[in-house]
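The values are calculated or read from the model by the stated rules, or taken from the named source; none is laboratory data. These numbers come from a predicted model, not from an experiment. Here the Cβ positions follow ideal geometry from the backbone for every residue, glycine too, while neighbour counts run over all protein chains shown. Just so you know, the surface numbers come from the protein's heavy atoms only, side chains and all, with ligands and any DNA or RNA stripped out. Shrake-Rupley method; radii C 1.70, N 1.55, O 1.52, S 1.80 Å.
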Amino acid sequence: MLVSGFWFMDGGNLIMGRGTDIDACRAARLARVLVDTNDSVGTLATVFPADHSSLAGRPFALMEYYASCHTNGSLSFIFMPISQNNRNILHSEGHAATFTIAAHPAKASNARVALMGNVTVIKETSPETDVMWSSGEIEKCFLERHPDARWWIPGKKPAHTAYWARFDPTTIYYVGGFGR
């Protein structure tokens, strides 16, 4: 079934919607399927901090690996302080960011979703932090999606300093596609 139109949800509440007659819960489920079945590469978008010498307040976005390893909808990714996106996250209030994920091939008639939320950097793991982080489950889940990332895994002597990070979506903007 083709679902076209858009739905904007904040904290589970439908803010606005336009298109075919589906409800916010169905749009959220379709967004989750898109996140879970895609190639686990999305566009991470941030904003340069106010104190940046020439790009203050300007948006910045690059592709980023992620893995959907959490049952609550959070995403895991490798956080490297050398990355401009990650430096922007550290300087933003609440460590805000947006992940945009699109169906393939990426074209206007296919679904896409923007997940707006906050990033938590996991610098030290312990059983008290979260059993998924300390037991190696996140690493295993992430490497199943991205075997080439083994060189960047936190704690494995990567080329650059690396930590695990959790992205917690708080707002969803789902577009089911246009033009078909």
Q | Set of lysines with alpha-carbon distance to Lys156 below 30 Å, sequence-local pairs under 8 removed | A | Lys123, Lys140
Q | Spin-label pair Ser53/Arg29, simplified geometry with 7 Å Cα→Cβ offset, distance in nm | A | 5.3 nm
Q | Probe 1.4 Å, protein heavy atoms only - accessible area per residue of region 30-177 in square angstrom | A | 52 Å²
Q. Over region 35-125, what per residue volume does the convex hull of the Cα atoms give, in whole Å³?
A. 115 Å³
